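Engineer: Here you go, one structure.
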Amino acid sequence: NIAFGDSNLNWSQSDWNSTTHIGILATSLGSGHKFEENYIHNVLHGVVTYSDATMIRKNEINNFNGKAIRIFGDHSTVNLNTITYNYFTHSSNTGIQTSANSTATQTLNKLLLWGNLIIETTDPFKNFGGRLQGITGFDGTFKNLMVAHNTVVVNHSHGISFSGLDTARIQNNS
């Protein structure tokens, strides 16, 4: 259980911006990291990794006000995660975000995003409701990308959006 504070019911925008931090951070040192079956809540970002061959699997990330998952490493998999309850206090919140600009070659290779559930909120009256982007990758080139069997329920024009695609499959998402 990774959390900043037990409850966020009475948090102000200032509380969200000053209290929350990154749940799990892995820098580019090493590879083959596995982040599995974690419950991460009341965070800025849930999981952030710059490492190659990373597995982010079966995590539950809720009550976040930035990015639930940010992944920037080659040969990585993000699957079967549940992402819910975005609190919008920043300019750009995202369920799963990737970028190739963080790599030396400006190309991200062999990324699998499969079977994730992203729900912006089930409470339209909660404080700091906002527009969550679902699954995105805008900077650099994405080679051998597979985005499949994800369910994305957001109030944003970027449900699943990528630019710079090279050999990609985006299929069977809803």
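The values are calculated or read from the model by the stated rules, or taken from the named source; none is laboratory data. For clarity, every value in this text was computed on a predicted model and none was experimentally measured. To get the accessible areas, we keep the full protein, side chains included, count just its heavy atoms, and leave off ligands, DNA and RNA. Shrake-Rupley method; radii C 1.70, N 1.55, O 1.52, S 1.80 Å.
Engineer: Probe 1.4 Å, all protein chains in place: accessible area of Y85 in Å², nearest 10?
Structural biologist: The value for Y85 is about 60 Å².
Engineer: Leaving ligands and nucleic acids out of the surface, order W16, W114 by accessible area at 1.4 Å, largest first. The partial results should precede the final answer.
Structural biologist: Working: W16 0, W114 95 Å².
The most accessible residue leads, giving W114, W16.
Engineer: Excluding residues fewer than 8 places away in the same chain, name every one of the lysines whose C-alpha is closer than 25 Å to that of K110.
Structural biologist: Excluding near neighbours in sequence, the set is K34, K58, K67, K143.
Engineer: Something else: Using a Gaussian network for the chain with springs between C-alpha atoms less than 10 Å apart, which of these wobbles most: N62, N101, N81?
Structural biologist: So, out of N62, N101, N81, the one fluctuating most is N101.
Engineer: Just the number please: accessible area per residue for the chain, 1.4 Å probe, all protein chains included, in Å². Can you show the working numbers first?
Structural biologist: Values: 8050 Å² over 174 residues.
For the chain, the per-residue accessible area is 46 Å².
Engineer: If you don't mind, another one. Of the heavy-atom accessible surface of the chain (probe 1.4 angstrom), what whole percent is carbon and sulfur? Intermediate values should be presented prior to the final figure.
Structural biologist: On the way: 3840 of 8050 Å².
About 48 percent, which is the carbon plus sulfur part of the accessible surface.
Engineer: Here's something else I'd like to know. Taking a ≥ b ≥ c as the square roots of the Cα gyration tensor eigenvalues, with a/c under 1.5 meaning rounded and otherwise prolate when a/b beats b/c, else oblate, which class fits segment 47-89? If you can, show how the numbers build up before the last one.
Structural biologist: Numbers: a/c = 3.86, a/b = 1.70, b/c = 2.27.
Oblate shape, in that a/c is at least 1.5 and b/c is the bigger or equal ratio.
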